[in-house]
Each structure stands twice: as structure tokens, then as C-alpha cells.
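First up is the structure itself, then whatever we jot down about it.
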Amino acid sequence: MAGRYILKFIGIFSALLLTYVVIAIGSYCMPDSNVRRHIERTLQHGDFQSDQPRAIIPRTQCRMDNFSDALILNQACNLRSEPLMDGIMLLPRKTVGGLPHEDLRACVDGTMCETLHYGRYWHGGTFLTRILLVFADFQSIRFILYILSSILMMLCGVTLWRRVGWVCPVAILLSLLFSYLFVMQFSVQLSMVLLVALAGVMAVAHGSNPLVTLFIVGSATAYLDLLTAPMLTLGLPLVALVELKSDDPFRHKTKTISLTTLMWVIGYGATWGIKWVIASLFTHENVVADGMSNLLNRSSALDGVSRWQSVLANVELLPWKYIVALLVVMSLLAMIFRRAGGWKKSLPYLPLVLIPYVWYFFAANHSYLHCWFTFRAQAVSLSAIILAFASLVDWQRVAHFFKISDQ
């Protein structure tokens, strides 16, 4: 039986790798002329004047990731500047030694530039962006991302509502709103984890095999993401899964959480590792050494900054006065409309609260330097906390009370 499962996941992993390579090759084959024309139009619109402009609200949490998006456009523009395998495995980009938006403008203007490689990531977001750039400029791509993520959220909400009621989808939506969701929807890089996380929630809500789903989600995260908030793609599907399994015994739910988490980790880690191996075998660079070096660097603590300070740097970016106000209201409801045995239902959510903080602790360097976008992984913690509190409330009594009050 175990051998059959192993063969099944090897087959799934092989199919995923083939898909990733086909997408990369397809992107490489796209005509450069269209891509360059749409990038030039994007720059004419003045979309890249700085690396981290604020979106709507002048707060640190609302910083757009133009830094990564400009890098993605630079790679999309220069993918074909090298042979096929070097192009899709090393992702060349041009630089004049400036900030990414300055390098992008210099590249488009034809300034003499140095070539840099960025081979330790798959850069699936770059490949998809390059394909879209054949047909549209970056402003249009942002609008597409906004529409797609909004539709996915609505579908997730409706599906979960039908399966488990309104509390779970509302909790997930509130957690994303507290994480400044709208900023993610308008950035190629930030939107990747959001789309994968929502797709994972959707698959779980439809009753797909959670082990297979989380394995695929972990792999897709490694393909598309540049370490923005990968724990979203693990945590949000787990939150939905725990809600769907609410009637199962505690031991069974604990086993389900553990196994699905393990499958996500295997999918995520294996997809990263195989990229380093393939890139090292088929190009002139030792990407394995580069990947290991950066893994050790990103997982170390900064000089003068403890791991706990890295965790706190992310915690401090949440709008806690609104979150605390919500939890106070829910606590009052729990005292007035107490649900018998509700604490048993709330317990499985508590381990999920820790998921982002474990990541921040072990990826201390990266989590501290980039806390302005990594803090969004705490949407997992918030949704789990909200659902834990909600489990203590008898919502039927609440509805009945206010219905009587209205009369």
C-alpha cells in the first residue's frame, strides 16, 4: 500500500515538473517584440518611479512590491538573451548597478548593462508574466490579477458557505483584510501566493484528497513565489480543512493536519531542490551551492537582531486595535451565548496559529528584512484565532436572539 502511494506522488511530481518546464519553454518562445513594446508602454505610463510606493494608504503595510515586479519585467525582457536552458534556468536580467526600476528603464533604453543571473528560484511568475506581456501591458496584467483573485475569493466563500456555513469564509476574508489584501491583488509577485492559497482552499472545500492537494500546493508555491508569504498557501487550506473536519475526533484531525503539512513541506522542498539540481546540470553555474549558501543566510539571524525580534517585526505590522476589538466582541458573545463543548472544537485551530511564527523564527534574516510583505502570512494565524473564538459561540442562539429583538 505504501509503495503504491509513493509511486502515485512520484507520478504527480513528475507531471508537475513537466508542466513547469513546458510553461518556461512556452514563455521563452514568446515573441520579444510584443513583450518589449508592452514594457515600454508600461514605463511611459509612469508605473515604475520608485521601488516601494504606497498603495492608497500611506503606511508601511501598503508598500507595493515594485522592486520585485520591476525585476520580473527585466527578466521577461531578457529571457531570450541567452540560450534556452540558460534562459529558463538562470533567468538573466540587465543591470547598471541601480535599483530594479532604474535597471529596467536602462535595459529598455538600450543602455550598456551587465548581465546578472537569479537561478535559485523557478520564477514561475516571470514566465506567466512574459506570456501575458505578449498581449497586454503591465497595468492590464495588474487588472487581470485583481479580477482573478476577486473571483477566486468569491468562489471560495460561496463553496465554504455551502459546506460549513458562513463563519469560516468570513473569518478567512477578515484575516486577509487585516493583512491589507488589496495590496497583494495589484502586484505580480505578491499575488502569486494569494492565488495559490485561494486555489488550495477551493480544492479542499470541494472535497479533493487533502494529501494530494497540499503536495501540489506546496510545489506550486515553490514554482511561483519568491519567499513573500509561503505559509499562506499551507495555512489557509489547513484552516478550511479543519473546519470541514470539525465533526471528526480530535486525534483524527491532529493526524490529518500533521500529514497534510508534511506533504506540503515535501512538495515545497522537493520542487526547490530539483530546480537547483537541474540548473546545475544543464548550465555552467553551480546553482546548488548558490541555493545552499542563500538558504543558510536567509535562515540565520541578523547581527544585533534576535530571532524573536524578527518575529515581533512582523507582529507589529498588524492592525491590532481592530483585531482586539473584534476578539473582545466575540468573547462577549461567547459569554452570553456559550456553546456547549465549544472549546473542544476550538482546540485544533490553535496549532495553526503558530505556523507563520515558526517560519519567521527559522527564516529570521529574510523575515526581518522583508517584514513589510512577509507579515501577511499572519492571515493564517488570524483566521485560526477568529475561528477558535467563533467555536465558543452558539450562533443559532445569536441569530434567534436578534430575530426576536427585531420583532
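Taking one equal scatterer on every alpha-carbon of region 1-132, how large is log10 of I(q)/I(0) by Debye at q = 0.12, 0.13, 0.20, 0.22 1/Å?
For the requested q values the scattering log ratios are -0.54, -0.61, -1.12, -1.28.
Based on the Kirkwood radius over alpha-carbon pairs, what value in µm²/s does the Stokes-Einstein equation return for the translational diffusion coefficient of region 324-368 at 37 °C and 0.692 mPa s?
D = 253 µm²/s.
So what J values fall out for region 124-131 if you push phi through Karplus, 6.51 cos²θ - 1.76 cosθ + 1.60 with θ = phi - 60°, rounded to Hz, Gly and Pro as x?
Rounded to whole hertz, the list is x, x, 5, 4, 5, 5, 4, 4.
Quick one: divide the alpha-carbon radius of gyration of region 46-93 by 2.2 N^0.38 Å and tell me what you get.
1.49
By its C-alpha gyration tensor, with a ≥ b ≥ c as the square roots of the eigenvalues, how is region 254-318 shaped: rounded for a/c under 1.5, else prolate for a/b larger than b/c, else oblate?
Note, shape of region 254-318 comes out oblate.
Only four residue types carry charge here, +1 at the Cβ of Lys and Arg and -1 at the Cβ of Asp and Glu. Report the dipole size of the chain about the Cα centre in Debye, rounded to the nearest 20.
In debye, rounded to 20, the chain gives about 1480.
I need the per residue convex hull volume for region 114-212, using only the alpha carbons, in cubic angstrom as a whole number.
136 Å³
When you take every Cα atom in region 278-358, what is the radius of gyration, and what is Dmax, the widest Cα pair distance, in Å?
Cα only, region 278-358: 21.6, 67 Å (Rg, Dmax).
In the chain, carbon and sulfur make up what percent of the accessible area (probe 1.4 Å)?
Numbers: 12220 of 18280 Å².
Result for the chain: 67 percent of the exposed heavy-atom area is carbon or sulfur.
How would region 168-236 be classified by its alpha-carbon gyration tensor: rounded, prolate or oblate, with rounded meaning a/c under 1.5 and the a/b versus b/c comparison settling the rest?
On the way: a/c = 2.32, a/b = 1.18, b/c = 1.97.
Oblate, since a/c reaches 1.5 and b/c is not below a/b.
With a ≥ b ≥ c taken as the square roots of the eigenvalues of the C-alpha gyration tensor of the chain, please select rounded if a/c is under 1.5 and otherwise prolate if a/b is larger than b/c or oblate if it is not?
prolate
What ³J(HN,Hα) values, in whole Hz, does the Karplus curve 6.51 cos²θ - 1.76 cosθ + 1.60 give for region 170-178 when θ = phi - 60°, with x put for Gly and Pro?
For region 170-178, the Karplus-derived couplings read 5, 4, 5, 4, 4, 5, 5, 5, 5 Hz, x marking Gly and Pro.
State the answer as a single residue: which of HIS284, GLY267, VAL22 lies farthest towards the positive end of the charge dipole of the chain, with beta carbon charges of +1 for Lys and Arg and -1 for Asp and Glu, about the Cα centre.
In the chain, that residue is GLY267.
Tell me, what is the per residue accessible area of region 59-212 in Å², probe radius 1.4 Å?
On a per-residue basis, 36 Å².
Looking at the chain, which longest stretch skips every one of the GluC sites (Glu not before Pro) that is in a DSSP loop with at most 16 other Cβ atoms within 10 Å, leaving the sites themselves out?
1-284
Tally Lys and Arg at +1 and Asp and Glu at -1 over the other residues with C-beta under 11 Å from the C-beta of LEU79: what net charge comes out?
0
Under a Cβ-only charge scheme (Lys and Arg +1, Asp and Glu -1), can you give me the dipole magnitude of region 112-268 about the Cα centre, in debye to the nearest 20?
Charge dipole, region 112-268, about its Cα centre: 320 debye, nearest 20.
Read phi for every residue in region 327-341 and hand back ³J(HN,Hα) as whole Hz from Karplus 6.51 cos²θ - 1.76 cosθ + 1.60, θ = phi - 60°, with x for Gly and Pro.
Once rounded to whole Hz, the list reads 5, 5, 4, 5, 5, 5, 4, 5, 6, 7, 10, 5, 9, 4, x.
If every alpha-carbon in region 304-398 counts as one equal scatterer, what log10 I(q)/I(0) does Debye give at q = 0.11, 0.17, 0.21, 0.23 1/Å?
-0.39, -0.76, -0.96, -1.06
The values are calculated or read from the model by the stated rules, or taken from the named source; none is laboratory data. Nothing here was measured: the structure is a model prediction, and the numbers come from that model. Using ideal geometry, Cβ is built from the backbone for each residue, glycine included, and neighbour counts are taken over all protein chains shown. Just so you know, the surface numbers come from the protein's heavy atoms only, side chains and all, with ligands and any DNA or RNA stripped out. Shrake-Rupley method; radii C 1.70, N 1.55, O 1.52, S 1.80 Å.
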